[in-house]
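> One structure is given below, represented as structure tokens, and several questions about it will come after.
The values are calculated or read from the model by the stated rules, or taken from the named source; none is laboratory data. What you are looking at is a predicted structure, and each value in this text was computed from that prediction instead of being measured. Because the Cβ atoms are built from the backbone with ideal geometry, glycine has one as well, and the counts that use them run over all protein chains shown.
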Amino acid sequence: MTMLWEKSYPPGVDWNSEPPLPTLVEDLDRAVATWPTQPFLTCMGQTVDFATFGALCTRVAANLAALGVGPGVHVGLHLPNTPHFVLAFYAVLKAGGVVVPMSPLDAERELTHKQVKADVRLVVSFAGLADKLPLAPGVRLVVAGPADVAGQGVAAEALPAGALPFTALLAPAAAPVAGWPAPTLDDLAALQFSGGTTGLPKPAMLTHRNLSASADAYDTFSRFLGLAPGQETLLVALPLFHIYALDTLMVRAMRNGYRMILHPRWDTDAVLDSIQAYRPTLFAGVPTMHRAIASSPRVKDIDFSSFKFIGSGGAPLPVELAHEFEAVTGKPVLEGWGMSETSPAGTITPPHKRKVGSAGIPMPGITIEIRDLADPHTALGPNEKGEICIKGRNVTQGYYKLPDETREAFVDGLFRTGDIGYLDEDGFMFIVDRRKDMILSGGYNVYPRMVEEAIYEHPAVAEVIVIGIPDSYRGESAKAFVTLRPGAAAFTLEELRAFLADKLGRHELPAALEFRDTLPKTAVGKLWKQPLVAEERAKAATAAAE
């Protein structure tokens, strides 16, 4: 079978390559056996090798099993980038459970919503974050701390009522596990929340096969870049709770014996220090990270020559930023595209053949078709714009306990992404628009409906529409258009953000506010976003031309 994009593949990369896949638990066992003394995790001044990680993982899995974690049990990870996330992730899978990544940036109501929708029974959180974590009924809490791996856990008096310290999971198990569950490729590994095509967060079901196939697609392509098992160092500043870092960095690091330098949060100076100290060979980020590096006054003093690959995803990479980054670092940024529902493999830019403005070509084993917007059963040809649809071993089977949404998300066996674009004659994909309302802000999904519902709680608000507007730093940010109730006084953007602070995550807060006497409506009286989107685009185009 020949695909349009195969002509653009590097020599030796085979689109039809579909080798047997391991489960993620098999990845863990193999890594511990193959690279026992190799450093695996470095974070906050501590380094753990694969053998030590494997032993700790077995302890955590046994203690989780004693708490009832096993096949069919869902565990939320409400953690920053620390060794706890990686340990808990693999320990839950080893115990037979399912991981539910939860963003520490989420507001309280979102965290409750996700626990309920994903049937979470236990959450592992972090000191300082756990205090703001509302637990759904019946959910147990484990609290991690920065000194856990060194044996100094969170003090009992600092724990929320009823919570266990993470050190309890690191202790030798009271009773050995008679036999570990052996998950199959078709068993659930994670429930990853995503906006799908409607802009509402839903738990996408990702199996061991999905995540394993995604990692395999990246690995198949990466061999062309000279990445070698047991020899690479990954700079990990992307949040592991996001599918981008979870699969392309963490899962691949385990599978290939790579070292991960974990950064709990983005700090430009700390990242530059890591580049100098550890000489990483791979970095994947979102455009805001690349901009922060390129804009740093220190960048001229940093040696980037160790990097074999620098990738960008999570949001469109502005062409001028790509040029600026390459100019100051001497390294090109290779853009890719994917979604939570694709685990996240989708497209990648081949380093030997780049096209400005393109998100790259479909990865091995992945088929992308452009379907007609009016008739999604009709496939379009090269350079014809339509909805981007995708299929492959990496693509989710649907949304957890949401059969109607699952049915609507597929057409002829392809997942409907909601992105609008085209494939050119060489198979390069260009994204030109989105059907869905979701805003991509700094690589994070912002769902306009959730922002609107929070704003509606303000007593002065009559109607509101939230759209994404261009943001030179974040790519996009939210703007709220508001009409006021009769007699109500206007408020400032700062006052609105303060009102929303306990209802939305920081990344979801509007960056702009505009009051209107009326808001656009359709012929049937529904609020209509498109005229406002067109207005903002026209403003941006005029500003760019001046």
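> Would you confirm, using the coordinates I've provided, whether residue 444 is of a type outside the set (Val, Ile, Thr) and touching a strand residue (DSSP E or B) at 6+ places or on another chain (Cβ under 7 Å)?
The answer is no for residue 444.
> Next up: Going by what's in this entry, would residue 452 be described as under 14 Å from residue 341 (Cβ atoms) and not in a strand (DSSP E or B)?
When the stated conditions are applied, residue 452 does not pass them.
> Then there's this: Quick test of your reading of the structure: residue 306 fulfils all but one of (1) over 17 Å from the mean Cα position of the chain (by Cα); (2) of a type in the set (Ser, Thr, Tyr); (3) on the phi > 0 side of the Ramachandran plot. Name the failing condition by number.
Only one criterion is unmet by residue 306, namely (3).
> Among the residues of region 91-114, how many are at negative phi and either in a loop (DSSP other than H, G, I, E, B) or more than 18 Å from the chain's Cα centre (by Cα) (or both)?
So the answer is 16.
> Can you pull out the residues in region 337-359 that are under 15 Å from residue 417 (Cα atoms) and in contact with a strand residue (DSSP E or B) (Cβ under 7 Å, 6 or more places away or on another chain)?
Passing the criteria: 337, 339, 340, 341, 342, 343, 346, 347, 359.
> Considering 370, 388, 361, which residue is touching a Gly at 6+ places or on another chain (Cβ under 8 Å), touching a residue at least 12 places away in the same chain (Cβ under 8 Å) and either surrounded by fewer than 24 Cβ atoms within 10 Å (Cβ to Cβ) or small (Gly, Ala, Ser) (or both)?
370
> Restricting to region 182-199, name every residue that is crowded, with 18+ Cβ neighbours inside 10 Å, modelled with pLDDT under 90 and assigned to a loop (DSSP other than H, G, I, E, B).
195, 196, 197, 199
> Of the numbered conditions (1) modelled with pLDDT under 95; (2) surrounded by 13 or more Cβ atoms within 10 Å (Cβ to Cβ); (3) more than 17 Å from residue 443 (Cα to Cα), residue 518 fails exactly one; give the number of that condition.
Result: residue 518 fails condition (2) only.
> Right, here's the next one. Considering only region 167-181, how many residues are surrounded by fewer than 10 Cβ atoms within 10 Å (Cβ to Cβ) and either over 23 Å from residue 147 (Cα atoms) or not assigned by TED's automatic domain parsing to the domain that holds residue 124 (or both)?
Number of matching residues: 4.
> OK, next. Scanning for something surrounded by 15 or more Cβ atoms within 10 Å (Cβ to Cβ), farther than 26 Å from residue 290 by Cα and within 24 Å of the chain's Cα centre (by Cα), does region 322-338 turn up at least one residue?
Looking for residues that are surrounded by 15 or more Cβ atoms within 10 Å (Cβ to Cβ), farther than 26 Å from residue 290 by Cα and within 24 Å of the chain's Cα centre (by Cα), one finds none in region 322-338, hence no.
> On to the next question. How many residues does region 326-357 hold that are more than 19 Å from residue 15 (Cα to Cα) and part of a loop (DSSP other than H, G, I, E, B)?
Adding up the residues that qualify gives 8.
One line per residue, one yes/no per condition, for (1) at pLDDT below 90; (2) surrounded by fewer than 23 Cβ atoms within 10 Å (Cβ to Cβ); (3) outside the structural domain of residue 388 (by TED's automatic domain parsing); (4) hydrophobic (A, V, I, L, M, F, W, C):
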| site | (1), (2), (3), (4) |
| --- | --- |
| 424 | no, yes, no, no |
| 443 | yes, yes, yes, no |
| 469 | no, yes, yes, yes |
| 472 | yes, yes, yes, no |
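> Would you be able to say whether some residue in region 22-42 is surrounded by fewer than 24 Cβ atoms within 10 Å (Cβ to Cβ) and modelled with pLDDT under 95?
no
> Then there's this: For region 2-51, give me each residue that is assigned to a strand (DSSP E or B) and under 24 Å from the mean Cα position of the chain (by Cα).
Residues satisfying the conditions are 40, 41, 42, 43.
> Next up: Output the residues belonging to region 52-90 that are outside any helix (DSSP H, G or I) and of a type in the set (A, V, I, L, M, F, W, C).
67, 69, 73, 75, 77, 79
> Turning to a different aspect of this structure: Filter region 453-478 down to the residues that are touching a strand residue (DSSP E or B) at 6+ places or on another chain (Cβ under 8 Å) and under 13 Å from residue 509 (Cβ atoms) and list them by number.
455, 466, 471, 474, 477, 478
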